[in-house]
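The values are calculated or read from the model by the stated rules, or taken from the named source; none is laboratory data. Bear in mind the structure is a predicted one, so any value in this text is a computation, not a measurement. Cβ placement follows ideal geometry from the backbone for every residue including glycine, while neighbour counts extend to all protein chains displayed.
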Amino acid sequence: MFQVARCSAVALVVLSISSGCGGGSPKVAGPPCPAPAGAPVLADGSQPSGPATAAEAEAFIQQVSEQFAKLESDAERVSWVKSTFITDDTEQIESQAQERLMEFLARKIREARRFDGLQLAPDIARQFYVLQYSAELPAPADPKERAELAGIGTKLDGMYGKGKYCSPKLKGLGKDKSAECLPLEDLSAILATKRDYDLLLEAWRGWHTISPPMRPMYQRMVELANKGARELGFRDVSDIWTGEYDMKPDEFRKEMARLWTEVRPLYEQLHCYVRAKLRKQYGEAKMGKGKAPIPAHVLGNMWAQEWGKLYPMMEPYPGKSQPDITKALAAKKYDAKKMVELGERFFVSLGMDSLPKTFWERSMFTKPRDRDVVCHASAWDIDRVDDLRIKMCIKIDDEDLVTVHHELGHDYYFHYYKNLTPLFQGGANDGFHEGIGDTLALSVTPSYLAKIGLFDREPPRSKEADVNLLMQRALEGIAFLPFGKLIDEWRWDVQSGKTKPGDYNAAWWRLRAAYQGVSPPVPRSEDDFDPGAKYHIPANVPYTRYFIARILQYQFHRALCKAAGATGPLHRCSIYGSKEAGEKLTAMLKLGRSRPWPDALETITGERRMDATAIIDYYKPLTDWLIEQNKGESCGWE
Ligand SMILES: [Zn+2]
């Protein structure tokens, strides 16, 4: 469930979706650590004469904005075709379009340096900030190196996508019953459904054989991107990734650490309970005892990032759960389109617009029979006007019901900020973009499902049913938090050179042990490259956005429930049908990234700080129950 961590708003991969450093109302354009700029060129291509003026800066940023919108829209269209029809040709065309966009952005960021230090109108200055931080994979100016970087990007993506593990032990366990070579989808299904320790180990170990060949390429990618970053005036890529949050990079890292400290006790209680159950299942001989961490392959997920598949083993009050959503969807004969209509109806109930007609004509809801496509769920804004789409291979189950809401959240954001200037068309920060649909998904409560007729009647309310529901959600949402935090912590250190290439794998497992309390199930060495077995590393997609989104979704939910006049416990609140909640949400979406994110946060919540107390409130009944269950256990790990 909550597939945020696996989905991406493709439109945003190249232009990162957050705003620039500098806080409140920046007046002066420019990145934090000045470096010599390339030869300045004016927007019309001519060489400038004399010192830059504010008027030139304004003309420059306007032209960049327009050119960027056009190039990016072209690249989106190409990407859509590739993603819904994968061939060697479409892959190559996409890579070329991406390279053009990378080259354009890096060149314009370098040229923008000419205007450093000028006094500019706040709106213009902010566009410069957004531009400065827009290159997630900054291209070096040298054409050969740039092509090499784009080529590595495509290759790494392909290696991940085509990854398979062959083993006679796994024969008959994939979709293709005769196959011995299983793709990630099949290996993940084994981890999700089987409970044979050694079989799980085979699937886990197998998937982690796909990534060692990525290591030299990944190392080279970091080198080249760092070179590109230095040419743009940054120390390294981590400076860009951590500097785009309207605060200084080290302040941002401190903020993330603060949020983690606030939620860590809740994670520890969940970890403690789950570990005890798993020890009963597999025995202490395999699982260890005392404060031993949990082997990473028994949590129902390849990366131990979400543990929802273990729910049947963890169910607090057996038989007291709400009716099964997947079964209800089948009983009511839901198909893929009907699932999306259900999602749209939620947004419309808040007083928001219907999706455009072309959304229904151009989206991909099901996997075509006749060609390869990228099934990985994503939301699209092709032309920055209103050509909104989603691309999914929808399964008719509870997990994809949440994913549909998640993806529509992106599309509604696109829709409501489409009238802003192109550089402001983005989330207040990238975590905001990921958190909108997830906020609504928290309102998909049993009462809501009864109201819309998916359940025939409202399931009886009880403390037991509540604790069960919260456990189901915590196995996804709380289990995810340390993982969401650590991915970029590893990456920032790699990018900044703090972690050397000879220490990539050891550093990865140090973080996984420290944050998640999990351990590798078999010894690892620097011949392995386990980070590469997680999509967002080879695909170079920043990850902290998902950590932020998982915190924000509860903060938004609490504020919108208040606006909707709900008075009961947060986990029972559904904002469905509340125009008041819809107004607040829409007001924030319309800001895009034209303002620093605390302004956007304030629009919905009245607060200017990200705040984990909402998530703590939400799970309070479960936390109390867990503390009771964990009495006598030595919680924590070492
Ligand atoms: Zn997403």
Can we say Ala539 is among the aliphatic types (A, V, I, L, M), over 17 Å from the mean Cα position of the chain (by Cα) and surrounded by fewer than 21 Cβ atoms within 10 Å (Cβ to Cβ)? no
Given the condition closer than 30 Å to Arg107 by Cβ, part of a loop (DSSP other than H, G, I, E, B) and among the hydrophobic types (A, V, I, L, M, F, W, C), answer yes or no: does some residue in the range 234-242 qualify? yes
The helices (runs of 4 or more DSSP H) lying entirely within the range 351-459 that contain at least 3 residues which are within 13 Å of the ligand (Cβ to nearest atom), of a type outside the set (Val, Ile, Thr) and touching a helix residue (DSSP H, G or I) at 6+ places or on another chain (Cβ under 9 Å) are 398-416, 430-441
Taking Gln472 and the conditions (1) touching an Asp or Glu at 6+ places or on another chain (Cβ under 8 Å); (2) crowded, with 18+ Cβ neighbours inside 10 Å; (3) over 25 Å from Glu255 (Cβ atoms), which numbered condition does it fall short on, given that it satisfies the others? (1)
Check Ala54, Ala75, Ala97 and return the single one that is small (Gly, Ala, Ser), more than 16 Å from the ligand (Cβ to nearest atom), modelled with pLDDT of 55 or more and over 24 Å from Leu149 (Cβ atoms). Ala54
Quick one: is Leu470 within 15 Å of Thr445 (Cα to Cα), in a helix (DSSP H, G or I) and modelled with pLDDT of 95 or more? yes
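Of Ala292, Ala285, Ala331, which residue is surrounded by 15 or more Cβ atoms within 10 Å (Cβ to Cβ), of a type in the set (A, V, I, L, M) and out of contact with any Cys (no Cβ under 8 Å at 6 or more places or on another chain)?
Ala292 is the lone residue from the list that is surrounded by 15 or more Cβ atoms within 10 Å (Cβ to Cβ), of a type in the set (A, V, I, L, M) and out of contact with any Cys (no Cβ under 8 Å at 6 or more places or on another chain).
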Criterion first (surrounded by 20 or more Cβ atoms within 10 Å (Cβ to Cβ), closer than 28 Å to Leu224 by Cα and charged (D, E, K, R)) does Asp466 satisfy it? no
Among the residues of the range 161-171, is there at least one that is surrounded by 16 or more Cβ atoms within 10 Å (Cβ to Cβ) and at pLDDT below 90? yes
Report the residue count in the range 418-446 for those that are surrounded by fewer than 18 Cβ atoms within 10 Å (Cβ to Cβ) and touching a Pro at 6+ places or on another chain (Cβ under 9 Å). 0
Please go through (1) surrounded by 15 or more Cβ atoms within 10 Å (Cβ to Cβ); (2) farther than 25 Å from Leu420 by Cβ for Met102 and return the number of the only condition it doesn't satisfy. (2)
Scanning the range 585-630 residue by residue, the ones that are among the hydrophobic types (A, V, I, L, M, F, W, C), farther than 15 Å from Gln555 by Cα and under 22 Å from the mean Cα position of the chain (by Cα) total 2
Please verify whether Leu355 is at pLDDT 95 or above, surrounded by 16 or more Cβ atoms within 10 Å (Cβ to Cβ), under 18 Å from Ile394 (Cα atoms) and assigned by TED's automatic domain parsing to the domain that holds Phe414, treating the condition exactly as stated. no
Failed criterion for Ala549 (all others in (1) modelled with pLDDT of 95 or more; (2) of a type in the set (Gly, Ala, Ser); (3) surrounded by fewer than 23 Cβ atoms within 10 Å (Cβ to Cβ); (4) closer than 23 Å to Glu136 by Cα hold): (3)
Out of all the residues in the range 506-533, which are buried (at least 20 other Cβ atoms within 10 Å of the Cβ) and under 23 Å from Gly153 (Cα atoms)? Trp508, Asp528, Phe529, Asp530, Pro531, Gly532, Ala533
Among the residues of the range 555-565, are any within 23 Å of the chain's Cα centre (by Cα) and among the charged types (D, E, K, R)? yes
Kindly list, by first and then second residue, each pair from a residue in the range 591-610 that is free of Cβ contacts under 8 Å to residues at least 40 places away in the same chain to a residue that is in a loop (DSSP other than H, G, I, E, B) and among the basic types (Lys, Arg), limited to pairs with Cβ atoms under 7 Å and residues at least 6 apart or on different chains. Glu602/Arg608
Being under 23 Å from Met588 (Cβ atoms) and surrounded by 16 or more Cβ atoms within 10 Å (Cβ to Cβ), is that true of even one residue in the range 362-379? yes
Return yes when Ala54 is surrounded by fewer than 16 Cβ atoms within 10 Å (Cβ to Cβ), small (Gly, Ala, Ser) and touching a residue at least 60 places away in the same chain (Cβ under 8 Å) and no when it is not. yes
Which numbered condition Gly502 misses (of (1) closer than 20 Å to Arg205 by Cα; (2) surrounded by fewer than 17 Cβ atoms within 10 Å (Cβ to Cβ); (3) of a type in the set (Gly, Ala, Ser)): (1)
